[in-house]
Amino acid sequence: MVLSYGEERGYAGNEGYADELESVYRYDSKVQNHLQIAKGDLLIICDKRQVLGVANVAKIDTAEATKRQKKCPTCGATVRTERKTLRPRFKCEEGHFVDDVLSIEIPCIEYSAWFDGTFREIPEGALISIEQVRAACINFNKQMAMQQVALSGLKEFAPALLPLIQQLASPGPIHGLTLAAADALEEPYVPNLEDERARVSREIRARRGQKVFRQSLRDRFGDKCLVTKCQLIDLLEAAHIVPYRGDNDNHVMNGLLLRADVHTLFDLDLLGIEPETLKIHLHDKVKGKGYDTWDGALLDCDAKLLSRDALETRWIKFQRAQKRARVANELSPSRP
């Protein structure tokens with residue numbers, strides 16, 4: 001089952017997906033269980049209230065992309081709830097209420113599941129509620145990012161869907177994706193005979209940035225993380241100082257070679273680099289969490305190899321994030 005919300009989507013944590021209802025369904029690598037959708041799967045496409053149609057996945061394209069995500073200025077957690085009438089407007093995963101959120105860009109892989117003419121719209125006048133389909137889900141959990149639907153359940157709870165489904169697929173499980181729920185805390189085990197290790201490896205390689213850009217950084221800095229000095233090639237990623245928006249940002253002076261976890265900290269503005277000295281600073285949230293060794297250390301490269309303008313732009317962003325978190329902490333009623 002997939003939910004195509006458009007402007008109605010209830011998840012405030014990131015910008016919506018550019019769904020073209022009758023031709024393609026778009027999602028990304030930040031969506032839980034995104035690797036479970038495969039060619040040949042049958043999708044039941046819904047909005048927040050009802051089923052819109054069904055479609056077969058004819059092919060899946062992938063592309064490197066970025067997405068904006070809302071983060072809590074108090075703790076850095078993802079903001080998943082926006083309140084329309086109450087103030088403060090937003091609530092994060094950790095329970096903080098704030099009026100303003102941090103908007104960050106994070107790298108991801110965008111997937112496009114193409115229908116190639118197989119989309120079948122629910123007949124005019126017919127109404128199949130989303131509750132009917134949820135009742136047919138196997139081990140339904142509103143927090144899971146993917147729902148599996150049993151045809152036997154549809155026969156009982158949503159029989160009006162069967163004629164459309166029979167046009168597209170033989171009996172069997174229906175796989176899909178829901179964008180409404182928060183990330184699952186725990187998933188039931190579903191046996192899968194396909195070896196997904198190759199697919200996971202491809203995604204990791206894509207996360208490292210464009211091949212030419214990463215190689216240019218390896219040549220420039222040697223095969224080591226500029227923060228931790230880790231030399232395990234499998235963990236090194238190409239990081240943009242100023243977030244990637246186009247090919248121009250793949251300039252070698254706008255790049256750092258970082259270990260995967262450090263790259264994530266940098267992307268989230270939980271690690272900053274002072275432009276003049278290349279001194280490394282940790283966000284208050286990170287201190288005491290295993291990274292203190294590098295707080296105050298120097299980036300392991302010559303400053304001439306990096307764009308000063310890019311570093312200053314990113315440093316300002318880090319300082320603002322740090323300041324907002326500290327102000328929010330001082331104003332927090334839970335502060336002793």
FRET efficiency for ARG218 and ALA63, Cβ-Cβ distance as r, R0 = 22 Å, nearest 0.05?
-> 0.45
Once phi is turned into θ = phi - 60°, what whole-Hz ³J(HN,Hα) does the Karplus curve with 6.51, -1.76 and 1.60 give for every residue of segment 116-127, x standing for Gly and Pro?
-> 6, x, 8, 4, 10, 7, 5, x, 4, x, 7, 9
LEU268's amide H: which non-local residues (gap 5+, or another chain) put their own amide H closer than 5 Å, with H modeled 1.01 Å from N in plane and none for Pro or chain starts?
-> none
Around THR66, which amide H atoms from residues at least 5 apart in sequence, or from another chain, sit under 5 Å from its own amide H, with H modelled in the peptide plane?
-> CYS108
With a ≥ b ≥ c from the Cα gyration tensor eigenvalues, square-rooted, and the rule rounded for a/c under 1.5, otherwise prolate when a/b > b/c and oblate otherwise, segment 273-336 is oblate
Using a/c under 1.5 as the rounded threshold, could you call segment 208-331 rounded, prolate or oblate? The axes a ≥ b ≥ c are square roots of the C-alpha gyration tensor eigenvalues, and prolate needs a/b larger than b/c, oblate otherwise.
-> prolate
For segment 208-331, averaging the sequence separation of alpha carbon pairs under 8 Å that lie six or more residues apart and dividing by its residue count, the contact order in percent is 24 percent
Non-local residues with an amide H under 5 Å from the amide H of ASP28, with H modelled 1.01 Å from N and Pro and chain starts lacking one, are TYR111
Calculate one ³J(HN,Hα) per residue across segment 93-98 by plugging θ = phi - 60° into the Karplus curve 6.51 cos²θ - 1.76 cosθ + 1.60, and present them in order as whole Hz with x for glycine and proline.
-> 4, 8, x, 7, 9, 9
Residue-wise HN-Hα coupling along segment 67-74, computed from phi with Karplus coefficients 6.51, -1.76, 1.60 (Hz; x: Gly, Pro) | 9, 8, 9, 8, 10, 6, x, 7
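Read-outs: derived from the displayed coordinates by stated rules, not from any lab. Since the model is a prediction, treat every value here as computed from it, not as a measurement. Don't worry about glycine lacking a Cβ; one is built from the backbone with ideal geometry, like all the others, and counts go over all protein chains shown.
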